[in-house]
Amino acid sequence: MKSNYQEIERSKAIKLLQESNPCFYGAKGGHYFMRAPRPFVLTDGTKNLYKSIREDVIEYFSKNKISWWGGSKPTGHVLSSQIACLNHLFLIRNDKSAVMDILRNISSDFVDVLRIESDEYFDGYIQFESVSINADLREGNPTRGNNCTSIDALILAKHKDSSVWLIPIEWKYTEHYNNQDKSKEGKENVKGIERLWRYSELIKNSTQLKSTENSCFYYEPFYQLMRQTLW
């Protein structure tokens with residue numbers, strides 16, 4: 001089932017492309033997606049990124065070995081949340097004042113923002129597609145942006161009590177979810193059984209996740225929030 005908001009945004013983007021609006025830098029729609037050409041998918045995915053950050057973003061992903069959603073290059077899908085997150089936040093990753101403004105909108109208790117130095121290249125005050133160093137969630141070797149629990153964007157903040165906080169940002173654009181139970185999925189429930197093995201004991205031992213019925217954590221978007229909380 002499609003959401004009204006998703007269809008509104010899709011139609012808006014198609015209209016901009018048809019009118020050759022400069023926001024897409026002359027890109028054309030019609031690239032293949034889900035086995036068919038789609039008017040809302042750019043033939044040149046790099047033009048989905050703001051021109052002023054394009055080269056830096058691509059180099060940041062390449063040198064930090066981060067996977068792109070849907071392929072080995074920036075997706076041309078104009079409703080991509082990964083692209084939207086980068087277009088909004090990448091430019092300010094080294095602007096401490098701007099990142100502090102984001103924190104102040106969360107809470108006035110944050111007094112400083114710290115540079116995240118775990119990126120091998122282009123460290124800043126915002127990190128993208130963050131993952132654990134260790135396989136604490138039983139998901140195998142964490143790979144940034146691919147097949148594991150990751151954080152779209154991450155800020156490291158200092159609280160007024162001198163504690164240091166991880167501030168995760170989960171970026172959504174037009175996502176919508178059905179009522180599928182992720183603990184009951186796959187042929188003969190193979191995927192569901194694997195998920196229960198990975199997370200059930202971690203949920204039980206968590207001091208942040210509290211519920212008498214853990215099944216609620218296996219429905220989106222709570223499934224993502226559960227994994228990120230455990231992370």
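Could you list, in sequence order, all residues of segment 10-62 that are closer than 30 Å to residue 120 by Cβ, of a type in the set (D, E, K, R) and surrounded by fewer than 17 Cβ atoms within 10 Å (Cβ to Cβ)?
Across segment 10-62, the qualifying residues are 44, 51, 55, 56, 59.
Considering 120, 139, which residue is assigned to a loop (DSSP other than H, G, I, E, B), of a type in the set (Asp, Glu) and touching a Ser or Thr at 6+ places or on another chain (Cβ under 8 Å)?
139 is the lone residue from the list that is assigned to a loop (DSSP other than H, G, I, E, B), of a type in the set (Asp, Glu) and touching a Ser or Thr at 6+ places or on another chain (Cβ under 8 Å).
Could you grab the pairs with beta carbons closer than 7 Å, sequence gap of 6+ or different chains, first residue in segment 174-200 and closer than 17 Å to residue 222 by Cα and free of Cβ contacts under 8 Å to residues at least 40 places away in the same chain, second one of a type outside the set (Asp, Glu) and open to solvent by 90 Å² or more (accessible area, probe 1.4 Å)?
185/191; 192/184
Select, from 107, 162, 206, 183, the only residue that is touching a Gly at 6+ places or on another chain (Cβ under 9 Å), more than 28 Å from residue 64 (Cα to Cα) and of a type in the set (S, T, N, Q).
That would be 183, the only listed residue that is touching a Gly at 6+ places or on another chain (Cβ under 9 Å), more than 28 Å from residue 64 (Cα to Cα) and of a type in the set (S, T, N, Q).
Taking the condition of being open to solvent by 60 Å² or more (accessible area, probe 1.4 Å), at pLDDT 90 or above and among the β-branched types (Val, Ile, Thr), how many residues in segment 199-228 meet it?
Residues that pass the stated criteria total 1.
Which of (1) open to solvent by 30 Å² or more (accessible area, probe 1.4 Å); (2) among the polar types (S, T, N, Q); (3) out of contact with any Pro (no Cβ under 8 Å at 6 or more places or on another chain); (4) modelled with pLDDT of 95 or more is the odd one out, the single condition residue 105 does not satisfy?
Condition not satisfied by residue 105: (4).
For segment 64-101, how many residues meet the condition of being among the hydrophobic types (A, V, I, L, M, F, W, C), open to solvent by 20 Å² or more (accessible area, probe 1.4 Å) and over 16 Å from the mean Cα position of the chain (by Cα)?
3
Quick check on segment 148-167. Is at least one of its residues more than 18 Å from the chain's Cα centre (by Cα), aliphatic (A, V, I, L, M) and at pLDDT below 95?
Within segment 148-167, not a single residue is more than 18 Å from the chain's Cα centre (by Cα), aliphatic (A, V, I, L, M) and at pLDDT below 95.
Which pairs have Cβ atoms under 9 Å, sit 6 or more apart or on different chains, and link a residue in segment 82-107 that is in contact (Cβ under 8 Å) with a residue 40 or more places away in the chain and among the polar types (S, T, N, Q) to one that is open to solvent by 10 Å² or more (accessible area, probe 1.4 Å) and in a loop (DSSP other than H, G, I, E, B)?
From residues that are in contact (Cβ under 8 Å) with a residue 40 or more places away in the chain and among the polar types (S, T, N, Q), the pairs are 82/69; 82/70; 82/74; 82/75; 82/145; 82/171.
Would you please name the residue that is least open to solvent (accessible area, probe 1.4 Å), looking only at residues in segment 109-125 that are among the aromatic types (Phe, Trp, Tyr) and within 21 Å of the chain's Cα centre (by Cα)?
Filtering segment 109-125 for residues among the aromatic types (Phe, Trp, Tyr) gives 110, 121-122, 125.
Pick out the ones that are also within 21 Å of the chain's Cα centre (by Cα) and you get 121-122, 125.
On the way: 121: 97, 122: 71, 125: 33 Å².
Once the filter is applied, the top-ranked residue is 125.
The values are calculated or read from the model by the stated rules, or taken from the named source; none is laboratory data. Since this is a predicted model, take the numbers as computed values, not measurements. Neighbour counts run over all protein chains shown; Cβ positions are idealised from the backbone, glycine included. Remember, those area values only see protein heavy atoms, side chains included, never the ligands or the DNA or RNA. Shrake-Rupley method; radii C 1.70, N 1.55, O 1.52, S 1.80 Å.
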